[in-house]
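What follows is a short report on a single structure.
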Amino acid sequence: MRFWEVGLIFINFVLLGWTLFSGCKTKRWLVVTLAVAYGVLIIQLITEGFRWQMIPAYLSSVILTICYLLASRKESPRSRFTITVRTLLLVIYLSVSVTMPALMPVSLFNKPNGPFMVGTMLYHWVDDRREELFTKDPNDRRELMVQVYYPAGDSGEGNREPFIRNAHEIAKGVEEDLSVPAFVLGHLNLVKSNAITEARLSDSESRYPVLIFSHGLNGFRNQNTFEVEELASQGYIVLCIDHAYDAAATVYPDGRTAYFQSTNMSDISERDRHIKLWQEDTAFVLDQVEKLNRGDEDNRFIGRIDTSRIGMFGHSYGGATAAQMLVEDTRIKAAINMDGLLYGSNVPDTGIGKPYLSMSAEILDDPLEDPMLIKVRNERALAGGGMSMVIPHTDHMSFTDFHLISPLLRSPGEDPRSVHRIVNEFSLAFFDHYVKQTGDSSSLERLALKYPEVNFKVN
């Protein structure tokens, strides 16, 4: 809960308790009480904004108003029963007022641990060579929104980037998939990331390595902010792709929204075929990275991107895309697949042959993913030196930000911040060694000793 939310609940419930149990109920006292209660309410709404989870707390001012209207100078004697009932009702009311915002917090992200502040830019890129297959107009071209996170040279100045731009559209897009009404996630428009919008790139290094992030089906580009910000703070330029019409919602600069349309992906063979689109999206983004390095419109990235050091990571279908790109595109030097079955058919029986780490959940919760098929495809990808790890008490969404949104979404026994710390440390050690080429070759083994509960293996 935020500062003024806590302040509102504390102050107004102290005033409410005093009003209900004190013998002093003069109109003058109640006028002062109402002035304080509404003053705190107005300050909270102006500084932090309205959210529906705080409605019970907001109503405390209304209840105090009712007490004022019903007040009389003479207070009749109160029985023990009356005091007990009032106390019980006040405790229940306070519990509801605290529980609702606590179950849907707006402060989600810890500060990254790296030496850099984090900056972010949003790009709208159109691939003129590809037709948009999800729309009816044959003249439509494939459009992607790509958010870039990078090491910033500013020392905290500027506006903090929202966790999710267009949160209403994203909530609407994931409504059916999560079985959560869109309004329940309406508060996400108040959540801030740690990144500074359009901050300047840090001058600490002449060039920075690149990482590409790909979300899962019906996910979105910001779904792994916990991980993306950490990697950017450690000296990486990270590009997060919205795969339009396969993302929950993609909002273009002119206001058009591309909602999720791939509802026919229940067949594994269809998922195998469809992944080619995501590979083409990623290859196009890699081309744009090279263009940014040659000619950025605001000179932010010109000559500052090391295109010889590029890695990729993704969640679910995006993780499968990362594996496919690692096989097919020589620009990708290493990849991490976070709980994604290997869709596609180009992984050789002898293994990928390049640095590859598979992160898996302990709980299998996708009925489409046959355990035997998962085993066969994973063994093929991991052959010849691939690495794998299983994090306990995790399910498919544990590798994203979703379990920070509410404790109600978590797996039994899961501590999402602990899971994210493990994911971040292993990801950083992997990319530092195989992409940045600065890490110790034994760093992953040391992490395996640090976290013995993680089942880490090298094939």
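The values are calculated or read from the model by the stated rules, or taken from the named source; none is laboratory data. All values derive from a computational prediction rather than experimental measurement. Using ideal geometry, Cβ is built from the backbone for each residue, glycine included, and neighbour counts are taken over all protein chains shown.
Between Asp272, Asp246, the distinction of being under 23 Å from Glu328 (Cα atoms), at pLDDT below 95 and of a type outside the set (Gly, Ala, Ser) belongs to Asp272 only. Among residues of region 132-150 that are over 22 Å from Arg304 (Cα atoms), those with a beta-carbon under 8 Å from a residue that is assigned to a loop (DSSP other than H, G, I, E, B) and of a type in the set (Gly, Ala, Ser) at least six positions away or on a different chain give the pairs Glu132/Ala244; Phe134/Ala244; Arg142/Ala244; Glu143/Ala244; Leu144/Ala244. Among the residues making up region 299-320, those that are among the polar types (S, T, N, Q) and either assigned to a strand (DSSP E or B) or surrounded by fewer than 17 Cβ atoms within 10 Å (Cβ to Cβ) (or both) are Asn299, Thr307, Ser308.
In this structure, Glu161 qualifies as modelled with pLDDT of 95 or more and surrounded by 21 or more Cβ atoms within 10 Å (Cβ to Cβ). Residue-level check: of (1) touching a His at 6+ places or on another chain (Cβ under 6 Å); (2) surrounded by fewer than 23 Cβ atoms within 10 Å (Cβ to Cβ), Ala167 misses just (1). The single condition from (1) assigned to a strand (DSSP E or B); (2) in contact with a Ser or Thr (Cβ under 7 Å, 6 or more places away or on another chain); (3) of a type in the set (D, E, K, R) that Glu290 fails is (1).
Which one is modelled with the highest pLDDT, of the residues in region 47-85 that are assigned to a helix (DSSP H, G or I), over 14 Å from Ser97 (Cα atoms) and touching a Phe, Trp or Tyr at 6+ places or on another chain (Cβ under 9 Å)? So the residue we want is Thr47. Quick one: is Asn224 without any contact (Cβ under 8 Å) to a residue 12 or more places away in the chain, in contact with a helix residue (DSSP H, G or I) (Cβ under 8 Å, 6 or more places away or on another chain) and over 21 Å from Arg141 (Cα atoms)? Spelling it out, it is not the case that Asn224 is without any contact (Cβ under 8 Å) to a residue 12 or more places away in the chain, in contact with a helix residue (DSSP H, G or I) (Cβ under 8 Å, 6 or more places away or on another chain) and over 21 Å from Arg141 (Cα atoms). Looking across region 321-354, the residues that are assigned to a loop (DSSP other than H, G, I, E, B), touching a Leu at 6+ places or on another chain (Cβ under 8 Å) and within 14 Å of Leu382 (Cα to Cα) come down to Leu341, Gly351, Ile352, Lys354.
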